[in-house]
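Structure first, then comments.
The values are calculated or read from the model by the stated rules, or taken from the named source; none is laboratory data. The model shown is predicted, which means the values in this text are computed figures rather than measured ones. Ideal geometry is used to build each Cβ from the backbone, glycine not excepted, and the neighbour counts take in all protein chains shown. Protein only, heavy atoms only, side chains kept; ligands, DNA and RNA dropped before computing areas. Shrake-Rupley method; radii C 1.70, N 1.55, O 1.52, S 1.80 Å.
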Amino acid sequence: MRERQPSRGAGPARDFEAFVAGAAGRLLHTATLLTAEAPHDNPRARRLLTHAFAHTYACWDRMRGEDPYARARQYLAVRFAREAWHQYGGLGRARPHPGSALAVLTPQQRLILVLRLYEGVGEEQTAALLGLPTERVHAICDRATATLLHPPRDKAPAVAGRKVVPS
């Protein structure tokens with residue numbers, strides 16, 4: 001009986017599988033933060049991640065020393081921005097999961113905050129990725145951080161013209 005020869009593409013396929021095994025958790029968390037979905041119920045984040053992995057796999061043979069994690073993260077961010085733009089008419093409005101801590105932020109603020117603080121991408125890289133000036137990225141990140149640290153207070157309900165003071 002003839003010994004089975006490994007196929008020519010088995011090495012790159014194994015490399016990609018190893019990459020997915022190592023990066024899937026962190027990239028899924030990134031996608032979940034971007035979509036502001038609950039960690040246990042995140043179909044949009046999973047769809048984003050699937051598209052990012054499909055794109056990365058399609059480019060796998062041409063990457064030649066490029067970081068596959070950076071490529072997948074970049075595609076994830078760009079796809080999120082594009083979907084937010086088409087779905088909500090811009091990066092200013094969205095309908096995130098109401099229980100998410102990032103639900104108070106706009107999609108653009110979430111995108112910049114996640115890239116800058118969670119993923120550790122530099123301001124210049126983030127600005128280049130999104131096609132924004134570096135100063136704008138800095139301002140948006142500062143505003144998003146301030147919004148999370150000091151959320152807007154809800155107005156107390158009024159009863160017969162008087163404010164009700166919570167006990």
**OP:** Look at segment 37-70 and say how many of its residues are open to solvent by 50 Å² or more (accessible area, probe 1.4 Å), within 23 Å of Gly122 (Cβ to Cβ) and in a helix (DSSP H, G or I).
**Re:** 1
Original post:
Which of the following residues is modelled with pLDDT of 95 or more and open to solvent by less than 40 Å² (accessible area, probe 1.4 Å): Leu27, Leu102, Leu34?
Top reply: Leu27
Original post:
Can you name the residue in segment 79-99 that is part of a helix (DSSP H, G or I) and surrounded by fewer than 16 Cβ atoms within 10 Å (Cβ to Cβ) and is also modelled with the lowest pLDDT among such residues?
Top reply: Tyr88
**OP:** Could you grab me the full set of residues in segment 98-144 that are among the hydroxyl-bearing types (Ser, Thr, Tyr) and out of contact with any helix residue (DSSP H, G or I) (no Cβ under 7 Å at 6 or more places or on another chain)?
**Re:** Ser100, Thr106
Original post:
Of (1) in a helix (DSSP H, G or I); (2) modelled with pLDDT under 90; (3) open to solvent by 40 Å² or more (accessible area, probe 1.4 Å), Ala13 satisfies all except one. Which?
Top reply: (3)
Original post:
Looking at Gly131, is it surrounded by fewer than 14 Cβ atoms within 10 Å (Cβ to Cβ), under 16 Å from Thr30 (Cα atoms) and at pLDDT 90 or above?
Top reply: no
**OP:** Give the residue that is nearest to Thr35 (Cα to Cα), with candidates limited to residues of segment 101-132 that are among the small types (Gly, Ala, Ser) and in contact (Cβ under 8 Å) with a residue 12 or more places away in the chain.
**Re:** Ala103
